[in-house]
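What follows is one structure encoded as structure tokens, with my remarks underneath.
The values are calculated or read from the model by the stated rules, or taken from the named source; none is laboratory data. In this text the structure is predicted, and so the values were computed from the model without any measurement. Glycine also receives a Cβ, built like all others from the backbone with ideal geometry; neighbour counts cover every protein chain displayed.
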């Protein structure tokens, strides 16, 4: 039975080792998190034992079997069985009833997500979210990554436009012009979190900003025009 060994570390129970579940487990393992992985496929479980020693073959996901694995001792449980809706719903119901502090469940449709949400799970849509992030990167030049927090607030990571280099944060004035706030600036693996108005943008800077999607698009369009004008001077 899985039991949390290090109180200071968050422990995760992952149910289902398809592409999403396996990728999630591998990424969490990089943070040295405690991971319990469950699947009925013995080969997938055997491969997962290279990532975590707590990988268990389960032939049923009823409440009794789940309790026998010790998943109720996890801080977070993630249901990664989106393809089989009935199994996903029943597993989510069982995990919520076990009293796990946070249950996250993968959904493949709005209807599926609505049911999971009503059961008390936090719902994620991996395929939809990846599509949104890809569209944002394709639509806005220089955007390296994108996370949608709500309909109005996003966090975007983008390369500093050439036209910013040599100018201060105050001179560029992102908030009044584009409705964007600078959260941090990265350069050569160094991260500056407290960005002051007199900071001078440098070549290689990566901006992490929060604001609306429209604001990022407007910034991207403005930067393209400004950089084009500089090249023609």
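Annotation: residue 2 fulfils all but one of (1) in contact (Cβ under 8 Å) with a residue 60 or more places away in the chain; (2) surrounded by fewer than 23 Cβ atoms within 10 Å (Cβ to Cβ); (3) within 25 Å of the chain's Cα centre (by Cα); the unmet one is (3). Take residue 45 and decide whether it is over 15 Å from residue 100 (Cα atoms), in a loop (DSSP other than H, G, I, E, B), in the same structural domain as residue 111 (by TED's automatic domain parsing) and touching a residue at least 24 places away in the same chain (Cβ under 8 Å). For residue 45, the condition - over 15 Å from residue 100 (Cα atoms), in a loop (DSSP other than H, G, I, E, B), in the same structural domain as residue 111 (by TED's automatic domain parsing) and touching a residue at least 24 places away in the same chain (Cβ under 8 Å) - is not met.
Residue count for region 100-110, restricted to those that are free of Cβ contacts under 8 Å to residues at least 40 places away in the same chain and either out of contact with any helix residue (DSSP H, G or I) (no Cβ under 9 Å at 6 or more places or on another chain) or in a strand (DSSP E or B) (or both): 6. The criterion of being assigned by TED's automatic domain parsing to the domain that holds residue 19, surrounded by fewer than 17 Cβ atoms within 10 Å (Cβ to Cβ) and either out of contact with any strand residue (DSSP E or B) (no Cβ under 7 Å at 6 or more places or on another chain) or at pLDDT 95 or above (or both) holds for residue 86. In this structure, residue 134 does satisfy being out of contact with any helix residue (DSSP H, G or I) (no Cβ under 8 Å at 6 or more places or on another chain), loosely packed, with under 12 Cβ neighbours inside 10 Å and either within 30 Å of residue 20 (Cβ to Cβ) or at pLDDT 85 or above (or both). Residue count for region 9-38 under the criterion of being surrounded by 16 or more Cβ atoms within 10 Å (Cβ to Cβ), within 17 Å of the chain's Cα centre (by Cα) and either without any contact (Cβ under 8 Å) to a residue 40 or more places away in the chain or assigned to a helix (DSSP H, G or I) (or both): the result is 8. Could you check region 143-171 and list, in sequence order, the residues that are in a helix (DSSP H, G or I) and modelled with pLDDT of 90 or more? Scanning region 143-171 gives 169, 170, 171.
Take the conditions surrounded by fewer than 23 Cβ atoms within 10 Å (Cβ to Cβ), out of contact with any helix residue (DSSP H, G or I) (no Cβ under 8 Å at 6 or more places or on another chain) and closer than 19 Å to residue 73 by Cα and apply them to residue 41. Does it pass? Against the criterion (surrounded by fewer than 23 Cβ atoms within 10 Å (Cβ to Cβ), out of contact with any helix residue (DSSP H, G or I) (no Cβ under 8 Å at 6 or more places or on another chain) and closer than 19 Å to residue 73 by Cα), residue 41 does not qualify.
Total residues in region 192-214 satisfying the condition of being surrounded by 12 or more Cβ atoms within 10 Å (Cβ to Cβ) and either in contact with a strand residue (DSSP E or B) (Cβ under 7 Å, 6 or more places away or on another chain) or in a loop (DSSP other than H, G, I, E, B) (or both): the figure is 15.
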